[in-house]
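*Asks:* Dumping the structure here so I can ask a few things about it.
The values are calculated or read from the model by the stated rules, or taken from the named source; none is laboratory data. Predicted model, so just to flag it, every value in this text is computed and none were measured. Quick reminder, even Gly has a Cβ in these numbers, built from the backbone with ideal geometry, and neighbours come from all protein chains shown. The protein model used for the area step is the full one, side chains on, heavy atoms only, and it has no ligands, DNA or RNA in it. Shrake-Rupley method; radii C 1.70, N 1.55, O 1.52, S 1.80 Å.
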Amino acid sequence: MLTFFSVVLAAIIFEYSNGFHDAANAIATVVSTRVLTPRKAIAMAAFFNLTGALLGGAVASTIGKGLVDTDIVTMSTVLCALIAAFAWNIATWWLGLPSSSSHSLIGGLCGAALAAAHGNWSVIKWNAGVWPKVVVPMITSPLAGFIFGALLMFLLLVALHRFTPHFVQSLFGKLQIFSAAWMAHSHGTNDAQKTMGIITLALFTGTKAGSFNDLPDWLSFLKTPVFVLPTWVIGLCAVTMAVGTAAGGWRIIRTLGHRMVKLQPVHGFAAETTAAVIIQAASYYGIPLSTTHVISTSIMGVGAVKRFSGMKWTVVERIIWTWLFTLPASGLIGYALARAAAAL
């Protein structure tokens with residue numbers, strides 16, 4: 001039971017860090033364009049992250065049972081995965097780099113499971129899970145964000161070229177509030193689901209191992225013989241992410257909203273709308289997408305159309321290198337932690 005409570009505590013800490021680490025995904029553009037004050041933007045993002053987190057469960061199922069063989073996973077494995085993901089989250093947050101919380105969690109889980117299986121790579125579901133739902137979307141979703149963000153921005157420029165700058169600024173100053181809210185909602189439907197899947201995996205493996213057999217009746221809700229998201233797990237993760245989002249993530253907000261390219265409301269609207277559509281579609285199909293990758297490349301696409309030379313490509317390069325290192329780095333941390341735990 002001590003291990004399980006440690007898993008839940010680690011999951012809450014990770015979900016909280018996910019909230020403030022990825023708060024920038026929803027509000028960097030709306031803050032940088034000065035449509036909303038930082039305080040109002042974070043409050044809005046927290047609320048719509050909550051509404052999004054309460055819906056769906058396809059992504060949670062993918063994380064919990066679609067990536068690694070659950071027969072080899074123990075509560076200790078899950079705990080090591082969460083610690084690895086949190087460590088990478090904090091390191092990249094400190095450097096102000098918008099890395100993927102999703103990929104850090106996936107990498108940590110795969111690395112810890114590999115250690116639990118004593119290096120047997122077949123424990124990772126490559127063909128049915130990791131390849132089609134993690135690796136391929138890791139490549140295609142940023143490309144989609146860049147291409148569709150650029151396309152939407154181009155179409156808006158064509159449609160609005162006869163209007164005055166004041167009219168465009170005023171119109172999209174209002175519309176960007178809705179696009180930012182949608183972005184926050186879609187972020188909640190995808191990112192909060194991942195921690196729900198991890199906690200449910202711990203409940204499921206603990207039930208199979210008999211860890212909950214001697215519990216008193218009032219704790220019987222912990223028994224999860226079938227992999228189904230418990231209501232209390234959904235509520236816990238949703239509220240935790242909302243609280244984390246309310247704490248803000250100012251280092252990353254500055255990177256996405258100011259350092260990469262200067263934005264106006266019409267650009268923010270195009271980037272947020274593009275990202276929200278892609279993330280919402282991925283959530284429907286149970287794909288644990290990196291919301292960070294999608295919004296970042298949507299901003300890049302919009303910025304490139306606005307003025308290609310205005311993009312700060314050195315910042316973009318640093319971001320992309322962080323993305324490439326996230327899965328292997330968090331996987332290595334998860335593997336090392338699980339090996340160390342087994343040796344104790």
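*Asks:* Take region 302-323 and flag every residue that is at pLDDT 80 or above and under 20 Å from the mean Cα position of the chain (by Cα).
*Replies:* Scanning region 302-323 gives I320, W321, T322, W323.
*Asks:* A further question follows. Out of all the residues in region 87-123, which are over 25 Å from T297 (Cβ atoms), part of a helix (DSSP H, G or I) and not hydroxyl-bearing (S, T, Y)?
*Replies:* Of all residues in region 87-123, those over 25 Å from T297 (Cβ atoms) come to 87, 111-123.
Remaining after also requiring part of a helix (DSSP H, G or I): 87, 111-116, 121-123.
Once the filter is applied, which keeps residues that are over 25 Å from T297 (Cβ atoms), part of a helix (DSSP H, G or I) and not hydroxyl-bearing (S, T, Y), region 87-123 yields A87, G111, A112, A113, L114, A115, A116, W121, V123.
*Asks:* If you take the residues of region 124-137 that are in a helix (DSSP H, G or I) and β-branched (V, I, T), which of them is most open to solvent (accessible area, probe 1.4 Å)? Before you say what the answer is, go through the steps one by one.
*Replies:* Taking region 124-137 first, the residues in a helix (DSSP H, G or I) are 126-137.
If we keep only those that are β-branched (V, I, T) as well, we get 130, 134-136.
On the way: V130: 10, V134: 2, V135: 29, V136: 52 Å².
So the residue we want is V136.
*Asks:* So which residues in region 152-170 are surrounded by fewer than 17 Cβ atoms within 10 Å (Cβ to Cβ) and either in contact (Cβ under 8 Å) with a residue 40 or more places away in the chain or in contact with a Leu (Cβ under 7 Å, 6 or more places away or on another chain) (or both), if there are any at all?
*Replies:* Kept after step one, since they are surrounded by fewer than 17 Cβ atoms within 10 Å (Cβ to Cβ), are these residues of region 152-170: 154-155, 157-167, 169-170.
F154, L157, L160, Q169, listed by residue number.
*Asks:* Moving on to the next point. What residue, of F20, F47, F5, F14, is within 14 Å of the chain's Cα centre (by Cα), closer than 20 Å to I234 by Cα, surrounded by fewer than 24 Cβ atoms within 10 Å (Cβ to Cβ) and at pLDDT below 90?
*Replies:* Numbers: F47 fails: within 14 Å of the chain's Cα centre (by Cα); F5 fails: within 14 Å of the chain's Cα centre (by Cα); F14 fails: surrounded by fewer than 24 Cβ atoms within 10 Å (Cβ to Cβ).
That would be F20, the only listed residue that is within 14 Å of the chain's Cα centre (by Cα), closer than 20 Å to I234 by Cα, surrounded by fewer than 24 Cβ atoms within 10 Å (Cβ to Cβ) and at pLDDT below 90.
*Asks:* Does V73 satisfy being in a helix (DSSP H, G or I), β-branched (V, I, T) and either in contact with a helix residue (DSSP H, G or I) (Cβ under 7 Å, 6 or more places away or on another chain) or open to solvent by 20 Å² or more (accessible area, probe 1.4 Å) (or both)? Lay out the reasoning, then the answer.
*Replies:* Working: in a helix (DSSP H, G or I): no; β-branched (V, I, T): yes; either in contact with a helix residue (DSSP H, G or I) (Cβ under 7 Å, 6 or more places away or on another chain) or open to solvent by 20 Å² or more (accessible area, probe 1.4 Å) (or both): yes.
No: the conditions fail for V73.
A quick yes/no check of all residues on (1) within 17 Å of the chain's Cα centre (by Cα); (2) at pLDDT below 90; (3) outside any helix (DSSP H, G or I); (4) more than 30 Å from T274 (Cα to Cα):
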site	(1), (2), (3), (4)
F178	no, no, no, no
H187	yes, yes, no, no
D191	yes, yes, no, no
A202	no, no, no, yes
N213	no, yes, yes, yes
W218	no, yes, no, yes
V239	yes, yes, no, no
A242	yes, yes, no, no
I253	yes, yes, no, no
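*Asks:* Let me ask another. If you check S296, S283, which single one turns out to be in a helix (DSSP H, G or I) and at pLDDT below 90? Full working, then the answer.
*Replies:* Working: S283 fails: at pLDDT below 90.
Answer to the selection: S296.
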